Each structure stands twice: as C-alpha cells, then as structure tokens.
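Written below as structure tokens is the structure these notes are about.
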C-alpha cells in the first residue's frame with residue numbers, strides 16, 4: 001500500500017482488519033516455531049531447500065538469457081566478458097545465501113542426527129552451485145560459437161579492482177530507509193544519478209536499501225554488488241561505489257581495505 005514504510009504510515013491510516021490478520025499470522029508462526037521439534041525443523045529445512053533449488057535454477061536461467069542478449073547484439077558484445085564474469089560468480093554467491101537460510105533451521109533441533117541431515121542439504125546446495133556454473137559456462141560457449149565471437153578475458157578496470165577490496169561498515173544498527181538517505185544526498189550525486197539512471201537497472205531505491213543492509217564490515221563492495229544483482233537484476237559497480245561514497249560523506253559508514 002502507498003502508506004506502508006513511509007512517514008505517512010501513522011495509526012490513523014492503519015486498517016484494523018488488516019492489523020488483526022497480520023497479528024494472527026505472526027502469532028501462529030511464533031507459536032509453531034516456539035513449539036517446533038526435530039521433525040518440524042526437518043520439514044522446514046526441506047521446504048527451504050526445495051525453494052532454494054528453484055531460486056538458484058531461475059537465477060541461472062536469467063543469467064543465460066542475459067548472456068544471449070549481449071551475444072546476439074554486436075553493439076553489446078564488448079560488455080560480454082564482464083557479464084560472463086559476473087554471472088559465473090552468482091551460483092556460489094546464491095548458494096551461500098541459501099545455505100545461511102537453511103542452516104537456521106538447526107536452531108530448532110535437539111538431535112545431532114537431524115542437524116546432520118540439514119548439513120547434508122547444505123552440501124547439496126554447493127553441488128547445485130557447481131551444476132549451475134556448468135550450465136552458464138556451457139551456454140556461454142554455445143553462444144560464442146553460434147555468433148562467431150572470439151572469447152575474451154575480462155580486464156578489470158581500476159574501479160572494479162578497488163570494489164573487490166573496499167569493505168564498507170555501517171556506524172548504525174538496523175535498516176536505514178533509502179528515502180531518509182536520499183533527502184541528504186548532495187546535488188552532485190543527485191545530478192549523477194539523473195544522468196546515469198538508465199545504467200542502474202530497475203529497483204534503484206530497493207537496491208539502495210539492500211546495499212545498506214549488506215554493509216556489515218565483512219563484504220566487499222563487489223560482493224555486495226553480486227548479491228544485489230542476484231536478488232534484483234544486473235547492478236553496475238559504479239552505482240554501488242558512488243552510493244557508498246555518498247554514505248561515507250554523510251558519516252553513516254566507513255571504509256576498510258581487505259584482500260581479494
């Protein structure tokens with residue numbers, strides 16, 4: 001709804017019936033989790049695993065379509081090595097995210113055997129990541145042959161290399177609405193955003209919100225870009241870097257240098 005998660009989201013605009021439904025659903029979920037046994041934990045893990053496999057397959061299909069899109073258009077082929085380099089990282093990135101979701105079910109377990117079964121599911125996601133990588137790699141080489149394209153290795157530019165080692169860390173806890181940040185953005189950044197909006201992909205506000213959430217002091221800007229691209233669509237590294245620089249200017253984050 002229009003008012004959700006905005007400064008207009010005040011009690012007088014809440015729908016009592018909707019609130020009752022939300023509270024009932026939240027209560028039912030809380031009671032189920034609070035009383036869950038090992039069989040419940042295993043059922044949850046199986047559902048999470050099944051949906052994770054589906055999401056990983058869908059992400060690979062999106063990656064293959066993207067490769068094809070850049071391969072068949074001569075004017076886009078110069079960017080094909082970068083696109084290929086990006087999408088071949090996604091299976092591992094995606095598997096790590098899904099494994100973290102899956103292993104949370106272990107907190108409901110009492111028996112070691114149940115925990116081991118969930119660990120085996122997590123290993124299976126690693127195996128699927130390798131399968132998804134092979135599907136992407138095979139499709140890439142198939143399109144190179146189909147369109148008579150010589151394979152070229154990506155040559156990371158300076159911005160790409162910096163993004164691989166620069167690690168942002170937040171100076172605050174919890175999420176920060178992108179609307180709050182945008183109100184304090186410099187004119188220079190606003191102008192740059194307006195001029196380059198077509199290069200960011202879709203969901204720019206949602207991406208900003210997620211980028212902030214991922215700044216935990218452990219992930220590089222490049223890894224953050226990869227996660228956001230997995231979740232939404234291809235996201236330019238310059239967009240992530242410039243946004244992070246603006247957050248640093250506002251004193252909301254700081255940078256440290258890691259290793260590639």
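The values are calculated or read from the model by the stated rules, or taken from the named source; none is laboratory data. Because the structure is a prediction, the values reported are computed rather than measured. Quick reminder, even Gly has a Cβ in these numbers, built from the backbone with ideal geometry, and neighbours come from all protein chains shown.
Data for the structure
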quantity	calculated
Verdict on residue 75 being surrounded by 11 or more Cβ atoms within 10 Å (Cβ to Cβ) and outside the structural domain of residue 234 (by TED's automatic domain parsing)	no
Near pairs, Cβ below 7 angstrom, 6+ apart or cross-chain, from the stretch 196-221 (assigned by TED's automatic domain parsing to the domain that holds residue 93 and modelled with pLDDT of 80 or more) to any residue that is assigned to a helix (DSSP H, G or I) and surrounded by fewer than 13 Cβ atoms within 10 Å (Cβ to Cβ)	none
Residue ID - surrounded by the fewest Cβ atoms within 10 Å (Cβ to Cβ), chosen from residues in the stretch 157-181 that are touching a helix residue (DSSP H, G or I) at 6+ places or on another chain (Cβ under 8 Å) and in a helix (DSSP H, G or I)	179
Wholly enclosed helices (runs of 4 or more DSSP H) of the stretch 1-92 bearing at least 2 residues under 27 Å from residue 130 (Cα atoms) and touching a helix residue (DSSP H, G or I) at 6+ places or on another chain (Cβ under 6 Å)	38-72, 80-87
Single residue of the stretch 189-220 satisfying the filter (part of a helix (DSSP H, G or I) and under 12 Å from the mean Cα position of the chain (by Cα)) that is surrounded by the fewest Cβ atoms within 10 Å (Cβ to Cβ)	206
Condition met for residue 128 (within 23 Å of the chain's Cα centre (by Cα) and either at pLDDT below 95 or under 25 Å from residue 232 (Cα atoms) (or both))	yes
Which numbered condition residue 54 fails, given (1) more than 30 Å from residue 156 (Cβ to Cβ); (2) within 19 Å of the chain's Cα centre (by Cα); (3) in contact (Cβ under 8 Å) with a residue 40 or more places away in the chain	(3)
